[in-house]
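Please read the structure below before turning to the comments.
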Amino acid sequence: MNANFTALVVTPHELILARVDNTKKKLIKAAIVPIPEGMVTSGVITKAPEFALFLKSTFNAQRISEKTVGIVIPEVSTLIKIVSIPLTSRADLDEAIRWQMRDYLPINGTLHILDWKIISRTKEEAVVQVVAAKADVIQGIVDAVASAGYIPMIVETPAIALERLIPRSPEACVAVYIDKSEALIIAIEDGKILGSTIVFDTKIPSLSQEISKIISHYATSPVKKIFVGGPLLSETALTDIKTILSIETGPLTIGIQSASPADIQTYLLALSLTRQNYIEPNSEVNINLLPADWVRHFKKQLREIQMWTGTLVTSVIAWSLFLVSLSVYMLLSTTLTELSNQKIQADSTVLTSAVAEINTTNKIVSQSLSVLDSIKTPFEPINKVNKLIPEGVTVLQYSVNTETGKIDVGGRASTNEVLLSFKNALTQEKSFQNVALPLASLLTEADTTFAISFTYEPYAPKKAPSQTLTIPTRP
């Protein structure tokens with residue numbers, strides 16, 4: 001889903017927001033608002049109701065009515081790791097990654113939310129970038145945003161936002177983001193975040209020493225360039241870092257119109273996030289740390305909104321056609337009545353023409369009513385399916401053929417039991433015929449990918465009644 005959401009960057013002391021237009025090249029909203037003292041402690045929202053009210057008042061002040069948002073959380077207690085996993089099925093790959101990450105996270109990773117993307121793959125294995133962040137940091141911010149009435153779609157860290165701005169190259173490089181109170185340094189190579197660190201001394205000599213350390217620790221090839229960005233970026237800083245480290249140094253940037261270079265640096269993380277399209281967690285191509293329970297919740301909300309919008313549009317088109325026809329009919333009927341009341345001796349040719357036009361209009365109205373009766377929308381059967389989806393089943397796609405009534409439903413189920421429950425519910429719905437669930441969907445015990453097909457009886461072509469041919473016999 002190519003969503004144009006508002007990007008939020010939550011820091012310990014400030015809320016940074018940015019919104020771009022549909023082309024994602026023009027900045028239309030941007031603001032930095034101080035967060036009241038005590039609402040955020042070590043990256044965790046400690047006063048959720050107050051933060052929700054603060055967020056809502058900020059959006060109102062900026063006159064932002066759209067509900068979808070993306071979030072950049074503080075780079076606090078975040079782990080970034082590159083792992084190599086034997087390439088098996090998609091479900092097995094996710095399980096293998098989470099099992100391996102237990103070795104690097106406390107309490108077997110139960111306190112963290114993680115997601116991953118594939119950097120490269122061979123026939124035997126996949127090289128995977130894994131990012132994990134503390135669950136209380138993510139859950140607190142997401143819950144507060146949701147309670148304010150907004151829909152979180154993406155959660156990521158500053159390191160992910162910075163990596164997106166670096167051209168992919170097999171040569172190692174370093175990205176540095178200098179904020180008012182700290183600096184984030186990350187080592188990058190061929191699209192992989194090798195490692196990151198946060199330093200609180202942002203003076204250039206100390207910062208250069210930390211850059212040198214991360215280069216020697218993580219880089220597997222000579223670093224050819226250092227990219228620097230953030231609110232404290234200056235030409236002097238670029239020159240000093242280049243002089244101290246003897247490495248080419250340039251600014252981090254992003255192509256945004258109607259924004260000065262200073263504004264681009266101020267809103268750099270938020271602007272980077274706006275370039276991201278919504279892709280649900282566990283996608284192989286992007287990292288999204290949105291908690292799984294919120295994914296299911298908001299996908300259901302968005303699906304209901306889409307169904308309602310589609311039904312409304314179809315109804316508006318159909319009723320517009322009917323009302324136009326009715327207006328023409330009433331106009332011509334009025335004209336004929338006036339001619340009769342005034343007892344005008346109209347020429348028989350004119351009267352015949354008027355009658356013919358009325359007959360034509362009657363035919364159009366009749367056809368319009370027939371069109372209304374024959375309109376088939378995909379939303380009618382889909383709404384019926386949505387009412388039957390049990391907890392633990394996530395529908396990811398629909399395919400509806402309104403000509404034949406054939407419907408395909410695909411998605412994921414947490415267990416075989418809930419999948420069979422879903423299939424049985426579809427079978428018991430009288431308007432669904434020939435419900436089929438391939439046995440291959442039941443080969444895995446958990447996190448099952450399924451595809452169910454059936455026919456929606458009201459949309460199925462009506463079969464002509466069979467006729468029995470009787471051949472008389474000779475007496």
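Bear in mind these aren't lab numbers, they're just calculated from the coordinates by the rules spelled out. If you're wondering where the values come from, they're calculated on a predicted model, not measured in any experiment. Please note: Cβ atoms are built from the backbone with ideal geometry, for glycine as well, and neighbour counts cover all protein chains shown.
Pull out the extension gain between residue 285 and residue 41, defined as 0.36 nm times the separation in residues minus the alpha carbon to alpha carbon distance; nm, one decimal.
Here the segment from residue 285 to residue 41 would lengthen by 84.6 nm.
So which trypsin sites (Lys or Arg not before Pro) in the range 97-149 are both in a DSSP loop and have at most 14 other Cβ atoms within 10 Å of their Cβ?
102, 123
Order the peptides 160-167, 284-291, 231-238 from the highest to the lowest mean number of other Cβ atoms within 10 Å of their residues.
In decreasing order of mean packing, 160-167, 284-291, 231-238 become 160-167, 284-291, 231-238.
Taking H as built 1.01 Å from N, whose amide H comes closer than 5 Å to the amide H of residue 252, not counting residues under 5 places away?
Under 5 Å from the amide H of residue 252: 228, 229.
Spin-label point model (7 Å from Cα, Cβ direction): what's the residue 260 to residue 124 distance in nm?
If labels sit at residue 260 and residue 124, their model points lie 5.7 nm apart.
Collect residues whose amide H, placed 1.01 Å from N in the peptide plane, falls under 5 Å from the amide H of residue 415; neighbours closer than 5 in sequence don't count.
447, 448
Using DSSP to define loop residues, name the chymotrypsin sites (Phe, Trp or Tyr not before Pro) in the range 160-232 whose beta-carbon has at most 12 other beta-carbon atoms within 10 Å.
Here the chymotrypsin sites (Phe, Trp or Tyr not before Pro) that fit, given the DSSP loop and packing criteria, are 200.
Give me a comma-separated list of calculated 3J(HN,Hα) values for the range 168-174, in order, Karplus coefficients 6.51, -1.76, 1.60 applied at θ = phi - 60°, integers in Hz, x for any Gly or Pro.
Coupling constants for the range 168-174: 5, 8, x, 7, 5, 8, 10 Hz.
Which lysines, on any chain, are close to residue 180 with Cα under 25 Å apart, when same-chain ones fewer than 8 places away are left out?
Leaving aside lysines fewer than 8 places away in the same chain, those within reach of residue 180 are 29, 47, 134, 203, 213, 225, 242.
Provide the packing ranking of 61-68, 5-12, i.e. peptides ordered by the mean count of other C-beta atoms within 10 Å per residue, highest first.
Going from most to least packed, we get 5-12, 61-68.
Given H placed on each backbone N at 1.01 Å, which residues far from residue 172 in sequence or on other chains put an amide H within less than 5 Å of it?
Under 5 Å from the amide H of residue 172 lie the amide H atoms of 221, 224, each far enough along the sequence or on another chain.
Within the range 87-175, which chymotrypsin sites (Phe, Trp or Tyr not before Pro) sit in a loop by DSSP and count at most 14 neighbouring Cβ atoms inside 10 Å?
104
Please compute the contact order of the range 379-459 in relative form: average sequence separation of alpha-carbon pairs under 8 Å and at least six residues apart, divided by the residue count, as a percent.
33
Quickly work out the residue 4-to-residue 420 label distance, labels modelled 7 Å from Cα along the C-beta direction, and quote it in nm with one decimal.
Those two pseudo-labels are separated by 4.9 nm.
Got a sec? How would 239, 274, 449 order by Cβ neighbour count within 10 Å, fewest to most?
Ordered from fewest to most neighbouring Cβ atoms within 10 Å, 239, 274, 449 come out as 239, 449, 274.
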